[in-house]
Every structure is written in structure tokens, then in C-alpha cells.
1. Within region 92-119, count every residue that is away from the ligand (no atom under 16 Å from the Cβ), assigned to a loop (DSSP other than H, G, I, E, B) and of a type outside the set (Val, Ile, Thr).
2. Evaluate region 127-134: report whether one residue or more is in a helix (DSSP H, G or I), more than 7 Å from the ligand (Cβ to nearest atom), in contact with a helix residue (DSSP H, G or I) (Cβ under 9 Å, 6 or more places away or on another chain) and polar (S, T, N, Q).
3. Among the listed residues Leu120, Leu165, Leu116, identify the single one that is crowded, with 16+ Cβ neighbours inside 10 Å and modelled with pLDDT of 95 or more.
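The values are calculated or read from the model by the stated rules, or taken from the named source; none is laboratory data. Please read all numbers here as calculations on a predicted model, not as lab measurements. Note: ideal-geometry Cβ built from the backbone for every residue, glycine included; neighbour counts use all protein chains shown.
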Amino acid sequence: MSENPLQLLFKTYEKVSNSIQTQLAQFIGVIPKVHSSHNNNDDHHSFSLLTSSSSSKNQLASTMLLQHSESPKKEKSSSPVTKEELGRATWTFLHTLGAQYPDKPTRQQRKDVKELMAILSRMYPCNECADHFKEVLRANPVQAGSQAEFSQWLCHVHNVVNRSLSKPKFPCDRVDARWGKLDCEQRACDLQGTDKFWF
Ligand code: FAD
């Protein structure tokens, strides 16, 4: 029996649609092996996306194209870092170090944080910030005899910088709540040497 012409048309449309889909997927490189993954459970997710109805295929193609055409936007995130972003990232590093700093630091650890701050005041990649931080350090020598002392000192010097930028003062009794220890399994992120080498 001859096939309904509409069915034939639909099948042809589906074939063309499949072919475009495959070409797109390979071109974009997001989901390789589109048609060879039929029996592969690991690829089930991508497989089901690609073999569901033709409208969802078209949707997927649009999404993939959108992602692709949005790549210039992504490039924006690799544009130069602003002074503010650098500052936030650096404060995150410093306060996290403060939270992780041992209660009983070794002599080496105390020396290291002092050096770190001195190096930061020379090498911080924003000249005016580095110069200002040198003054802050001169007026507020590093205090790192314990975790509590170091994290409070950091909070204080951050507030000095905040004040110079007309930013609100952070309540230092909230510093542990704001910057908790790293969530790290089996204390794998703890700084080394606290118990063994303290003298
Ligand atoms: P940030 O000040 O970056 O703070 C990040 C987060 O830390 C805040 O959202 C808050 O949750 C928390 N926080 C705020 N204050 C404290 C505190 N006292 N203790 C604990 N947590 C706190 N920028 C300049 O324009 N000129 C400078 O001279 C300059 N000097 C800098 C020197 C150093 C060493 C650093 C690290 C940064 C410096 N910056 C400077 C950047 C500036 O401090 C800010 O990082 C930047 O303006 C972005 O500010 P922010 O409001 O997003 O929050």
C-alpha cells in the first residue's frame, strides 16, 4: 500500500531535522556520538534529549546555538578584573586563612603570615591599594599569636581599609559567623603543624 503523502513529507522533514541536529551537535562539540549512543546507558541523558520529539530537538538546537552565540558574553568574564573584584577575592582569601589559622600556630606559621602581609603590601596588584596597605600595616603590626587574634586583627585592618573607602564598619564579633572554617572532609584542609611542631 502506498504511503500517505503527508506521512512521507513528515518523514522527510524528520530526516532533515535529524541531520541538522547531528551536524549542529558535532559542530558545537557539546554532545558527541549522538546516534551511536542509543544503547549506552551512560549517555542516556543526552540520548533522550536528542531522540525525543522533533520540537524538543529544535529546542535543544536553539539552546545549543544560544550557548554558542553567547560565547562572546563568556569572554566578558575573562575581561580585566576590576579593583573591587580583586579586593573581594583577596579579602576572601585572607579571612579564610584567618578562619583556618591554627589556635596554636608554629613559630614558622606566625613568621609566614607576617611575611605574607608584608609581601601583599609590596606585591598587591593595585599600586594605590598596596601603598595604602603599607601604611595600614605600619600602624597595625600583624597579630597572629592564635586563630582568634589573627582573625580579629584581619577584621580590624579590613575595617581600616573600609573606613578609608567610606564603607561601613564590619562588626568583628561576627567575623567567625561570616568566615567559617572550610567545609573539608576529615579536616583535610586544616593547616599543618599545629600540634606536632608548636614550640
Ligand atoms: P569587601 O571590602 O571586598 O569585603 C568583602 C566581604 O567581606 C564583604 O561583603 C563583607 O561580607 C566582608 N567584610 C567586610 N568588612 C569586613 C571586615 N572588617 N572583617 C571581615 N569581613 C568583612 N580598594 C581601593 O579602592 N583602594 C584601596 O586602597 C584598597 N586597598 C585594599 C587593600 C587590600 C589589602 C585589599 C585586600 C583590598 C583593597 N581594596 C582597595 C579593595 C577594597 O577593600 C574592597 O575589596 C573593594 O572595594 C570591594 O568592596 P566590597 O564592598 O565588595 O567588599
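1. Within region 92-119, the subset away from the ligand (no atom under 16 Å from the Cβ) is 102-112.
With the extra rule that they be assigned to a loop (DSSP other than H, G, I, E, B), the set shrinks to 102-106.
Now narrow it down to the ones that are of a type outside the set (Val, Ile, Thr): 102-105.
Count: 4.
2. no
3. Details: Leu165 fails: crowded, with 16+ Cβ neighbours inside 10 Å; Leu116 fails: crowded, with 16+ Cβ neighbours inside 10 Å.
Just one listed residue meets the conditions, Leu120.
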